[in-house]
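Asks: Mind looking over this structure? Questions follow.
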Amino acid sequence: MAAAVMVCVHQNTEIGSGIAPTVDEAEHGERDMRSRKCRSRVAPPPPKAYYGAKGAPMYPRLKRLIGSILIVILVIVYAVAATLVAETRLAQSGTLAHFTYFLFSGLLWVLPAMLIVKWMYGAPKKPS
């Protein structure tokens with residue numbers, strides 16, 4: 001259910017906003033409120049759902065939670081895999097080979113992470 005907030009047009013103040021009334025408003029009370037041109041403003045609807053592969057709704061908060069968990073898993077698995085490759089392949093290599101390998105492997109994880117972030121913040125797809 002949408003929460004309604006009363007807005008007075010000529011003063012652009014919200015009734016019930018927690019702001020203390022002025023002396024003039026306190027003296028006139030209800031009569032002053034009825035004489036103003038007040039209207040009810042309804043809160044905006046909740047965000048539209050994103051749709052998954054089978055048309056089930058996927059909300060932005062859920063996508064961001066799933067994406068964040070996937071990025072953490074990606075970084076952990078990638079770090080372990082890169083370290084194992086470095087130990088097995090580069091054990092007898094020189095400093096320049098280690099530097100080059102870790103430079104490229106340190107930047108390579110960004111590509112799959114970018115795809116996850118693109119999915120997390122992508123526009124919703126309409127169900128077909």
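Asks: Using amide H atoms built in the peptide plane, which far-off residues or other-chain residues are under 5 Å from residue 58 H to H?
Replies: Placed amide hydrogens put 50, 51, 52 under 5 Å from residue 58.
Asks: Under a point spin-label approximation (7 Å from Cα along Cα-to-Cβ), what is the residue 90-residue 65 distance to one decimal in nm?
Replies: Output for this residue pair reads 3.8 nm.
The numbers here are math on the coordinates, done by the rules we state, and not lab data. On a predicted model such as this, the values are computed, not experimentally measured, just so you know. When we count neighbours, we look across all protein chains shown, and the Cβ atoms used for this are built from the backbone with ideal geometry, even at glycine.
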